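Worksheet: the structure to be examined is printed underneath.
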Amino acid sequence: MSAAPDLSSSVLGGALPVRILFVCLGNICRSPSAEAVMRALVREQGLQDLIEVDSAGTGDWHVGQRPDPRAAAAAARRGISLDGVARQVEVADFETFHLILAMDESNAIALEEIAPDAAAAAKVRLLREFERGGSEVRQARSRPAADLDVPDPYHGGESGFEGVLDLIEGACAGVLRELERAIGRR
Ligand code: 4NP
């Protein structure tokens, strides 16, 4: 099993606080869930002054809307509350954020397309690269990376939202592990 992406020598470049942006399509289901899960993990470790999180969508259909009630209900069952309203990713986000974590390959491609330069594009990773064993799949670039997608739950049933949270919790634990290493807290 290979390790998750090493952040210390690459995109973070010693910056503090580290700013992380989670990105999905609508910014009403997956990315606000990932933002809230990550914020809770960061708070549990007392790292809220060192790690900041936000979320956005590549699409604009839901801009200004609160998180999907099904996503909010699934998160609430785990003691997590979803905050904020949807916004669309903007080019300035590549300046503001050190790490941009896409929920699936199609959103990663959309982000890479609007990245202003190669350094900005290098900030884009798939969230699930950070789950145990994830980077092995990502490194095989010739293979479709669909198996590292957090699947879009919007058109599905309630159980899809539980599955999304399971994937997000596993991957965010990996993100935190790598960030702690990168900022010298581990
Ligand atoms: P999200 O879910 O990208 O996880 O926020 C979706 C929300 C809305 C749509 C698709 C996915 N939509 O087609 O409107």
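Which one of Gly174, Gly184, Gly133 is away from the ligand (no atom under 14 Å from the Cβ), within 15 Å of Pro5 (Cβ to Cβ) and modelled with pLDDT under 95?
Within the list Gly174, Gly184, Gly133, the selection yields Gly133.
A quick yes/no check of all residues on (1) at positive phi; (2) open to solvent by 20 Å² or more (accessible area, probe 1.4 Å); (3) within 13 Å of the ligand (Cβ to nearest atom); (4) part of a helix (DSSP H, G or I):
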position: Ala15; (1), (2), (3), (4): no, yes, no, no
position: Arg19; (1), (2), (3), (4): no, yes, no, no
position: Asn27; (1), (2), (3), (4): yes, no, yes, no
position: Ala34; (1), (2), (3), (4): no, no, yes, yes
position: Gly46; (1), (2), (3), (4): yes, yes, no, no
position: Ala56; (1), (2), (3), (4): no, no, yes, no
position: Asp60; (1), (2), (3), (4): no, yes, yes, no
position: Gly64; (1), (2), (3), (4): yes, yes, no, no
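Starting from segment 97-120, take each residue that is surrounded by fewer than 22 Cβ atoms within 10 Å (Cβ to Cβ) and list its partners that are of a type in the set (S, T, N, Q), counting only C-beta distances under 8 angstrom and pairs at least six apart or across chains.
Correct list of pairs: Ala110/Thr58.
Take segment 81-96 and flag every residue that is surrounded by 18 or more Cβ atoms within 10 Å (Cβ to Cβ) and aliphatic (A, V, I, L, M). Even if it seems obvious, please write down each step before you answer.
So the first thing to find is which residues in segment 81-96 are surrounded by 18 or more Cβ atoms within 10 Å (Cβ to Cβ), and the list is 82, 86, 89, 93-94.
Across segment 81-96, the qualifying residues are Leu82, Ala86, Val89.
The values are calculated or read from the model by the stated rules, or taken from the named source; none is laboratory data. Remember, predicted model here, so these are calculated numbers, not experimental data. In this analysis, Cβ positions are derived from the backbone assuming ideal geometry, glycine residues included, and neighbour counts consider all displayed protein chains. Accessible surface areas use protein heavy atoms only, side chains included; no ligands, DNA or RNA. Shrake-Rupley method; radii C 1.70, N 1.55, O 1.52, S 1.80 Å.
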